[in-house]
Amino acid sequence: MTKALLKNFQHSWSQNKYWVMSRSQQAYNEIRLLAKNNEWSLAKDARYKEILAELEGKEPTVKTLTVAYQHIWGYFKKSANQAERETYQQLMALLASDPADDQLPSFLKSLAEKYQVEYLLEMRWPGE
């Protein structure tokens, strides 16, 4: 394992974590197991990249999107004002009833910008 290889994985994972979660909880769990104890190898890196490639063709479901959005919402739930909380609840309800009209990425991105959550601003968004 090289430190550079591990660092590259960690950076990539920070960008793709919720995107992966929005497509497959099983893939998310597999990647977490690969990264266990920060032990990284060329074989693990190859498997990680293979998982990402497999997910490119997989569409998220309402269930997987809901889980990912709930995790992202966790960054704001204490700082969001009442109007933002209500908008979040309305958009989650809309997602359940009309998945084609998914407005949560743009709403959550606006909150990430407002509250300057750099981690979220640099990531690949679920639903995109």
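Filtered by the rule that a residue be within 20 Å of residue 20 (Cβ to Cβ) and touching a helix residue (DSSP H, G or I) at 6+ places or on another chain (Cβ under 6 Å), the stretch 96-121 gives 99, 102, 104, 108, 112, 120, 121.
Restricting attention to the stretch 18-36, the residues being surrounded by fewer than 14 Cβ atoms within 10 Å (Cβ to Cβ) and either closer than 22 Å to residue 119 by Cβ or among the hydrophobic types (A, V, I, L, M, F, W, C) (or both) number 4.
Scanning the stretch 73-99 for residues that are of a type in the set (D, E, K, R), exposed (fewer than 13 other Cβ atoms within 10 Å of the Cβ) and either in contact with a Lys or Arg (Cβ under 6 Å, 6 or more places away or on another chain) or farther than 20 Å from residue 62 by Cα (or both) gives 77, 78. Among the numbered conditions (1) under 17 Å from the mean Cα position of the chain (by Cα); (2) assigned to a loop (DSSP other than H, G, I, E, B); (3) within 30 Å of residue 5 (Cβ to Cβ), the only one that residue 76 does not meet is (3).
Of the residues making up the stretch 89-128, those that are in a loop (DSSP other than H, G, I, E, B) and more than 16 Å from the chain's Cα centre (by Cα) number 3.
A short reminder: the numbers here are calculations on the coordinates, not readings from a lab. Quantities reported herein were computed from a predicted structural model and do not represent experimental measurements. Note: ideal-geometry Cβ built from the backbone for every residue, glycine included; neighbour counts use all protein chains shown.
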